[in-house]
Each structure stands twice: as structure tokens, then as C-alpha cells.
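Step one of this worksheet: look at the structure below.
The values are calculated or read from the model by the stated rules, or taken from the named source; none is laboratory data. Predicted, not measured: the structure shown is a model, and the values here were computed from it. Here the Cβ positions follow ideal geometry from the backbone for every residue, glycine too, while neighbour counts run over all protein chains shown. Just so you know, the surface numbers come from the protein's heavy atoms only, side chains and all, with ligands and any DNA or RNA stripped out. Shrake-Rupley method; radii C 1.70, N 1.55, O 1.52, S 1.80 Å.
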Amino acid sequence: MSASPATTFAVAEKLRRIGALIGTGPKERYRARAFLRAADALEAYRGNLARLVETEHLTDLPGIGESIAREITQLAKTGTSEWLSKLENERGAEVDAKPRRARKKRPSLGEEGEMLLVDALETSDALIAFMRSNKAVRSVDLVGDAARGKETVQSVDLLATGPDADAIAKRFESSKLVDEIEKKTSPVGTVLVSTLYDGKIATLTIATENGRERALRKLLGPPSRKKLVALEDIRGAVHCHTVYSDGRATLEEMVRAAEKAGLEYITVTDHSPTAFYANGVQIDRLKKQWDEIERVQETTKVRIFRGTESDILRDGSLDYPDDILEKLDVIVASIHNRYRLDRRNMTERVVRALRHPLFKIWGHALGRLLLRRPAIDVDIDFILEVAAEERVAIELNGDPHRLDLPPDVAKKAKRLGIPFVISVDAHSTRDYRHLRTGVMIADRAGLAAKDVLNTLSAEEFAERVRPVAKSSTEKRRHRKAPKSSSKVARLS
Ligand SMILES: [Zn+2]
Ligand SMILES: [Zn+2]
């Protein structure tokens, strides 16, 4: 089997075809989306597909579960799959003949309609801009779960006000995103429930200007407290990948985009060698990257920190030898394989990692992928105690598929005094926008700017995360801490 990118793209294309042929019932639609997401994941993947298939590591890629992995394996090895052939025979001609609009989806507020926060925001941004540009609309706000920063939501909810409710409704109906509309009444005003062409549900509540405050309270919950951390507070992009591992942009491109975004520093944290499916960086290439960082640094005011996203290995050790790790400015350490260890082993694995003297930032801690993969099974309360004791920072990963730590766990961590970074986990220059979702989650967790290390200046940030071993006295003190050491003894 060829391992060329052409093969990868061809397989992705076939996954999309399966997605298109699956059907349009609610169940099928859900399944179809899973195939489209898997196609995205493959297209973003820069490593060696053949190897991934041979070593049965496909499920390490985001969005690829066991059954899709089986399809990919067949497609990669034979160029087609039994299921694809069957679907082509049954529905191929029919689907190709149908014009796009005829394939619109039925309204559904069920589980299948669930969407990621980022997709809800993309739609609400577009609808709000469209509504605002009409003079019948005096105000339009995002309300509901997306406004609250819930990680997944059922519908995009807007509140519009103005003197002429009919004119507002007309404007909404004329949006090219809006397909079917159902009118309802609610205590705060008329509600238009719409199915959009992409299958999402959007609602528009229309109230009078006088009724706006009351409606906002009703639709948004109690008046939101002052935001304690805002997008403008973030000064550095933490956790960036480049083409050295599985990113799509070069270091130079990532730096230019950071300049444009007004960021003061970025941390380059490509994958470590064990993450071979993500094209993990071997030591010789890592050193080449350091040279490149030096070269690009001379062309920019954005401070470039050299780092790694080191795999937390099965036994809790870190990837790369210590003498390499010590030469880095930043280490984000994350779990990328063996997600299904049982609670005892997984807890032990994480605790061992946290105790590593060079461990400073825990990446996408619980390893969940929203709507796709559950969190790892660990004794999180105990782990957070250890993290606090070891003065480890934890990532609030802004990747909309992750949003990890979840806000309720982040709240607990904050109570223990654990610092955070709001990270982008960027695989392209566009991904700096992950800061927006990251900040929303941070806000839900009640974090303030002072809890977030990348609100610090480049120098202060570097000081806080530099991978230097804790002093021996400090270590001794930690070892003696009775509560956790006895528990660790029990665990190991
Ligand atoms: Zn990662
Ligand atoms: Zn990453």
C-alpha cells in the first residue's frame, strides 16, 4: 500500500462519499457527520497513513472510532469498501441526481442536533451581523446555552428587539441560512424556531425594547457577573504545532499570524517522537527546529519559545530524555494513547507524570473529544491535589472539540490554587481563534486573569513554566506530605 498524501486524500474523499450516501434520517445524519469529521481528521493528518493502518493506531486520530477505522483500513488497502460499494449501488445515482436544496434536513431538537459551541458561534456571528444590518432591528444578542459558553448546544438562540416585530421576523426569514420556520409564542415574545440549511436549529425571540432586559434575564440567567478574564487579557499563544509534526503551517507562518493577532509570544510545542502517528519530532529534527526558531526570531518582535508537547507514556514518564527536555522553554505534557486504561492504572500514570520534576503544564488533561470520546477515567480529586502540590499548571484547551478541562473540574482546580494556561492547541494559523472558546470556558469556570499564566508578559510567563527541576528541599517537603504520599503508596 502506498503511503503518499494522495492516498490519504483519496481515502478522505471516499469517507465523504459514504457520508453523502448514508441517508437523511436523524440517525443516518448523525452517522454521516461522523464520516465527514473523520474525513477532516484524515485531511489534517500529516503522518504516515499506511503505518497508522498497519499498527492499528487509526483510533488515535481525533474523530475516528473503531467502526470508521475499519472502513478506513479497507479503503486504504483495497481502494474501496464493501459498504461503500453497497451504498453506491443502492443510492449513488439517486443522490447524484438530487439538487442540493432538495436534500435539506428535517427539524430536530433531539440528541442528533447537538453541535459544538464553535459551530453555534459561527452561525450566531453570521446571523447577528445579518440582523444588525437592518434598521428594523434595534438590538440583537446571543442568548441561551451558547451565550453561557456550554461546550455543546442544541440550538443557536438569539434575542432581537425593535418596535416592529413583523419587520424583524421578515428580516430573519430572508437570511440565506434560514430554511423552515415555525412561529411560537413565549412569555417574553414571539419565538421563531428555524431549521437552517445545514441542519442546525436556530431560534429568534422577538421582544420590545422595553422588554429586552427582562427577556435577557430570562434567556441568559441571572445578570452575568463582571467577566474576570477576557480575550484581550491573553498575551501569548500556548501550544502551537507546525509542519514539523502535524500542523499545517510553518513556524514562520504561525509567527506572522501571531503578530497579526496582536499576540506577544508563542510556544512551539510540536509532538514528541512517541506520537509517531502525528509525525512526532525526533531529536535531530527538534534541534533543526531550534535553529529555525533562532532565525525567525530575528525577524519578529513576537517572542518564540521552544517547547514540546511531550507524550505522557504508558508508565507516566515523559518523552525525550531529560537533558533535551531541560533545554526547552516550555513543556506541555499530554496523553495521546491508551485512553482506556482503568481508573487505578490511569490515575497512577498521571500521578507519576505530575511528580516528574520537569512536568509543568498538563495538556488537554482529560483527553475527551466532545460528542466523540469520553474523558479518561481517573480519580480527579486526588490528581488535582497532587498537581497543586507539584505546582503544575493545567491547560484549558480552547480547541472546540476538546474544551478540556471541563469547567466544573477547572473550578475545583482553581480552588486548590492551580494555575492555568488558556491554550490554542493550534494546528493552523486559523486556530488562534481557539482563544475565544477557551476564554468562554475559563469564564464559566470562574477563572480570573490572575489564574491564567499566559496573561503574563513573556518574561514572567517563561519564568513560571521553565522546566527546571524543583529544588531538592522542596521535593523533600513534598515527599513528606502525608496525605498524598500514603495514597500514592496505595496506588502503586
Ligand atoms: Zn495533544
Ligand atoms: Zn496538541
Exercise. Give me the percent of the accessible area of the stretch 231-491 that comes from carbon and sulfur atoms, probe 1.4 Å, all protein chains in place.
Key: 49 percent
Practice problem: Order 427, 434, most accessible first, counting only protein heavy atoms with a 1.4 angstrom probe. | Solution: 427, 434
Quiz prompt | Net dipole in debye of the chain [+1 Lys, Arg Cβ; -1 Asp, Glu Cβ; about Cα centre; nearest 20] | solution = 1200 debye
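Can you give the charge dipole size of the stretch 5-101 about its Cα centre, rounded to the nearest 20 debye, using +1 on the beta carbon of Lys and Arg and -1 on the beta carbon of Asp and Glu?
Approximately 420 debye in magnitude.
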Exercise. For the stretch 111-220, calculate the relative contact order in percent as a whole number, restricting contacts to Cα pairs under 8 Å that are 6 or more residues apart.
Key: 26 percent
Practice problem: Quote the convex hull volume per residue of the stretch 231-491, based on C-alpha atoms, as a whole number of Å³. | Solution: 115 Å³
Quiz item: For q = 0.08, 0.10, 0.11 Å⁻¹, what log10 I(q)/I(0) does the chain give under the Debye formula with an equal point scatterer on each alpha carbon and no solvent?
Solution: -0.56, -0.86, -1.02
Quiz item: How much of the accessible area of the stretch 5-101, in percent, comes from carbon and sulfur atoms when a 1.4 Å probe is used?
Solution: 53 percent
Practice problem: Would you compute, from DSSP H runs of 4+ residues alone, the mean residue ellipticity of the chain at 222 nm, taking -39500 (n - 2.57) per run and dividing by the full residue count, rounded to the nearest 500? | Solution: -12000 deg cm²/dmol
Quiz item: If you roll a 1.4 Å probe over the heavy atoms of the protein chains, what accessible area per residue do you get for the stretch 231-491, in Å²?
Solution: 40 Å²
Self-check item: Where the stretch 1-100 is the region considered: accessible area per residue in Å², 1.4 Å probe
Solution: 52 Å²
Exercise. Could you compute the FRET efficiency for residue 167 and residue 78, with r as their C-beta to C-beta distance and R0 at 51 Å, rounded to 0.05?
Key: 0.30
Self-check item: Cα-based shape type of the stretch 365-454, given that a ≥ b ≥ c are square roots of the gyration tensor eigenvalues and the cut on a/c is 1.5
Solution: oblate
Quiz item: the stretch 111-220: Rg/Rh from Cα coordinates, Kirkwood Rh?
Solution: 0.93
Self-check item: Estimated distance in nm for a label pair at residue 391 and residue 122, the labels positioned 7 Å out from Cα along Cα-to-Cβ
Solution: 4.2 nm
Self-check item: Calculated FRET value between residue 183 and residue 436, using beta carbons and R₀ = 25 Å, to 0.05
Solution: 0.20
Practice problem: With a point put 7 Å past each Cα toward its Cβ, work out how far residue 208 is from residue 408 in nm, to one decimal. | Solution: 4.1 nm
Quiz item: Roughly speaking, what is the centre-to-centre gap between the stretch 41-74 and the stretch 176-226 when only Cα atoms are used, to the nearest Å?
Solution: 41 Å
Quiz item: What is the antiparallel percent of DSSP beta bridges lying wholly in the chain, to the nearest 5?
Solution: 45 percent
Practice problem: Grab the beta carbon distance between residue 450 and residue 94, set R0 = 56 Å, and tell me the FRET efficiency rounded to 0.05. | Solution: 0.40
Practice problem: Under 11 Å from a label point 7 Å along Cα→Cβ of residue 139: give me every residue in the stretch 162-199 with its amide N that close. | Solution: 162
Quiz item: Given charges of +1 on the Cβ of Lys and Arg and -1 on the Cβ of Asp and Glu, with all other atoms neutral, how large is the dipole of the stretch 111-220 about its Cα centre, in debye to the nearest 20?
Solution: 660 debye
Quiz prompt | For the stretch 192-248: rounded, prolate or oblate by the Cα gyration tensor [a/c cutoff 1.5] | solution = oblate
Quiz prompt | Amide H partners (placed H, <5 Å) of residue 312, local residues excluded | solution = 334, 335, 336
Quiz prompt | Mean-position separation - Cα centroids, the stretch 393-411 and the stretch 247-265, in angstrom | solution = 23 Å
Quiz item: Roughly what angle does helix 66-78 make with the longest principal axis of the chain, taking Cα atoms, 0 to 90 degrees, to the nearest 10?
Solution: 90 degrees
Self-check item: Of 260/301; 150/226; 27/77; 176/200, pairs whose Cα-Cα distance is over 20 Å
Solution: 27/77
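For the stretch 111-220, give the percent of accessible area contributed by carbon and sulfur heavy atoms, probe 1.4 Å, rounded to a whole number. Walk me through the numbers before you get to the answer.
Details: 2340 of 5020 Å².
In the stretch 111-220, the share of accessible area belonging to carbon and sulfur is 47 percent.
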Self-check item: Where the stretch 111-220 is the region considered: accessible area per residue in Å², 1.4 Å probe
Solution: 46 Å²
Exercise. Could you give me the radius of gyration and the Dmax of the stretch 5-101, taking only the C-alpha atoms into account and expressing both in angstrom?
Key: 13.2, 42
Exercise. Convert each backbone phi in the stretch 382-397 into a coupling constant with the Karplus relation 6.51 cos²θ - 1.76 cosθ + 1.60 (shift: θ = phi - 60°), then list the ³J(HN,Hα) values in order as whole Hz, x for Gly and Pro.
Key: 5, 4, 5, 4, 5, 4, 5, 5, 8, 6, 8, 8, 10, 7, 9, 6
Quiz item: Which whole-number percent is the relative contact order of the chain (Cα, under 8 Å, 6+ apart)?
Solution: 12 percent
Quiz item: How do 83, 290 rank by accessible surface area computed with a 1.4 Å probe, from largest to smallest?
Solution: 83, 290
Self-check item: Straight-distance crosslink candidates among aspartates and glutamates, where the alpha carbon sits under 12 Å from residue 412 and sequence neighbours closer than 8 are dropped
Solution: 381, 385
